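Note sheet for the following structure.
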Amino acid sequence: MPVRIALPKGRLLAQTASLLEKAGWRLGDYDSSLRNYRLKSALFPDLQIKVFQEKDIPVQVAIGNYDLGICGLDWIEELSAKYAAASIIRIKDLDYGHGTLWMAGAQADGPDCLETLRKQDDPVRIASEYPNIAEAFALQQRLRRFSVYPVWGASEAYPPESATLSLVTGNGDAAPVSNGLTPITRVLNYSAFLIANRRSWEQADLSAVLHTLEGILPEPEPATNPVAVPHKATATFPTGKAAAEVVRIALPDGHQQKPAVAVLQAAGIEINDYPSATGNRRPTVRLDGVVAKVIRPQDMPMQVANGNFDLALTGRDWLADHLAQFPASGVRLLADLGFARVRIVAVVHQNVPADSIYALRQYCSGKNAPLRVASEYVNLADRYARENHLGMYRIIPTWGATEAFLPEDADLLIENTETGSTIVRHNLKIIDTLFESTGCLIGAGGKASRLKQSRMDGIAEMLSKAVRAVK
């Protein structure tokens, strides 16, 4: 059976490509313009190589879909912290992609040391995209009471209003000193690792592949000295009585920033330092009684439901995914803003003899194994498979690059697409459209003072009018 290896996208791609080039693999298309997730090696024609988001690789290797993988130790530890018996062998530290996980608190009114945290009677709230490492840290430090808030990213934005601590990354040995945070303790040093599935390591012949990597590891990266980065002071969310009248709004980071800015400007809502060249996540809103914070759109419905924000600009896809998990949630759509228009679709490989959900149902009835459904929208995917009676199925959570999973590692994708061109390029086809998603304003029902409710209604009306004017 051919050796299967999972390689990373993103931050490790360039250095991994350089390492494998020195090893003589001659992959060709493994570069920043990556368009195909299946690679061919001139040195190993039979080697099955696929490119994944880094976070997915330890899981894929652990369950045996791949014999070897390259990813950061941080994601290996995140899996191992919850599944200590995960079938992963750490073969070699590749000595690049260095970073550090730090537990940090707010510079103002935050805990200053571990002893303060241990003595704290109130729950210690930890925001992290590494929830398993965060929980292991809290248990190891014997915190009296704690809760972990899993987020998709931007965890540094949550202290002090929505969390006590944030588990954040630093470059090399440098402690994070921006975003209003102060480091409390180092949790993990990490770098890129070559890993193997335990059974493959014990039973498969991996020697030819591993031999090419001996003696060609890159020179150690130079040590990084902590650099004092000037921190631009920004206003924090008000607390106590002052908070009762203030509207807290969450704004999106990433690729949704540009269309969000356009609709805000069209509504006459001026926001300073958004997007921010310095990484500031607390821009200033030129509206009385309104404060803003920049977080991931994926996290917004849950954050609004928890009461950390009153309003948020996110996508209808993430609202629908939230409501699929929590049908009784008080979060609701306040205004359709029309930007970031995509379709949420069901996708299969071109070779699957199905062009509709009904044909897929017939196809599934003849399978002797559970249907594997991969998606970032875990709750939507679960509901879709259940409501369409697709028989036995298994949901595979992903963190992007979902097209890479078909057909070897999944049978069905629940995915978003703007034009469908990426789906066609990967030899896939759409068999169903769940719904169309656009950017939207969301909020939660609840008690609010007359002034605060008036402010929220005013923002919703300003945005709605701007959208109607554009149409």
- Task: Enumerate by residue number the chymotrypsin sites (Phe, Trp or Tyr not before Pro) in the stretch 6-102 meeting two conditions: DSSP loop (anything except H, G, I, E, B), and at most 16 other Cβ atoms within 10 Å of the site's Cβ.
- Result: Y83
- Sequence of T417, T398 once ranked by neighbouring C-beta atoms within 10 Å, starting from the fewest: T417, T398
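Relative contact order for the chain: what percent, with Cα pairs under 8 Å and sequence separation of 6 or more?
Details: 949 pairs, mean separation 67.8, N = 471.
Once normalised by length, the contact order is 14 percent.
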- For the chain, with only Lys/Arg (+1) and Asp/Glu (-1) charged at the beta-carbon, what is the dipole magnitude about the Cα centre, in debye rounded to 20? 1020
- Query: Assuming a viscosity of 1.002 mPa s and a temperature of 20 °C, what translational diffusion coefficient in µm² per second does Stokes-Einstein assign to the stretch 99-188, Rh being the Kirkwood radius over Cα pairs?
  - Reply: 170
- Message: If you scale each eigenvalue of the Cα gyration tensor by 5 and take the root, what three semi-axes come out for the stretch 342-437, rounded to whole angstrom and sorted largest first?
- Response: 18, 14, 13
- Note on the structure: Scalar couplings 3J(HN,Hα) for the stretch 386-396 by Karplus 6.51 cos²θ - 1.76 cosθ + 1.60 (θ = phi - 60°), nearest whole Hz, x for Gly and Pro, are 5, 5, 9, 6, 8, x, 5, 8, 9, 8, 10
- Per-pair calculated FRET efficiency, R0 = 35 Å: D122 and D93 via Cβ, rounded to 0.05: 0.35
- Residue exposure sequence - I76, I216, I442, I430 - by fewest surrounding Cβ within 10 Å: I216, I430, I76, I442
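Please state the equivalent ellipsoid semi-axes for the chain: what are the square roots of 5 times the Cα gyration tensor eigenvalues, largest first, in whole Å? Walk me through the intermediate numbers first.
Values: eigenvalues 292, 184, 83 Å².
Each semi-axis is √(5λ); the values are 38, 30, 20 Å.
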- Message: Whole-Hz ³J(HN,Hα) for each residue in the stretch 416-430, computed from phi via Karplus 6.51 cos²θ - 1.76 cosθ + 1.60 with θ = phi - 60°, x for glycine and proline: what do you get?
- Response: 9, 8, 8, 10, x, 5, 5, 5, 5, 4, 9, 6, 10, 9, 8
- Message: Quick check on the chain: of the DSSP beta bridges with both residues there, what percent are antiparallel, nearest 5%?
- Response: 65
- Note on the structure: Distance in Å, no decimals, from the C-alpha centre of the stretch 135-172 to the one of the stretch 393-421 is 30
- Please identify the longest segment of the chain free of exposed GluC sites (Glu not before Pro), where exposed means a DSSP state other than H, G, I, E or B and no more than 10 other Cβ atoms within 10 Å. 1-213
- Query: With labels modelled as points extended 7 Å from the Cα through the Cβ direction, what inter-label distance (nm, one decimal) is found for R145 paired with R468?
  - Reply: 4.7
- Task: Excluding residues on the same chain fewer than 8 positions from K22, give the lysines whose Cα lies under 27 Å from its Cα.
- Result: K9, K40, K50, K55, K92
- About its Cα centre, what dipole magnitude does the stretch 99-188 give when the only charges are +1 on Lys and Arg Cβ and -1 on Asp and Glu Cβ, stated in debye to the nearest 20? 300
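Rule-based calculations on the coordinates, nothing more; no lab input. Note that the coordinates shown come from a computational prediction; the quantities given were computed from them, not determined experimentally. Glycine also receives a Cβ, built like all others from the backbone with ideal geometry; neighbour counts cover every protein chain displayed.
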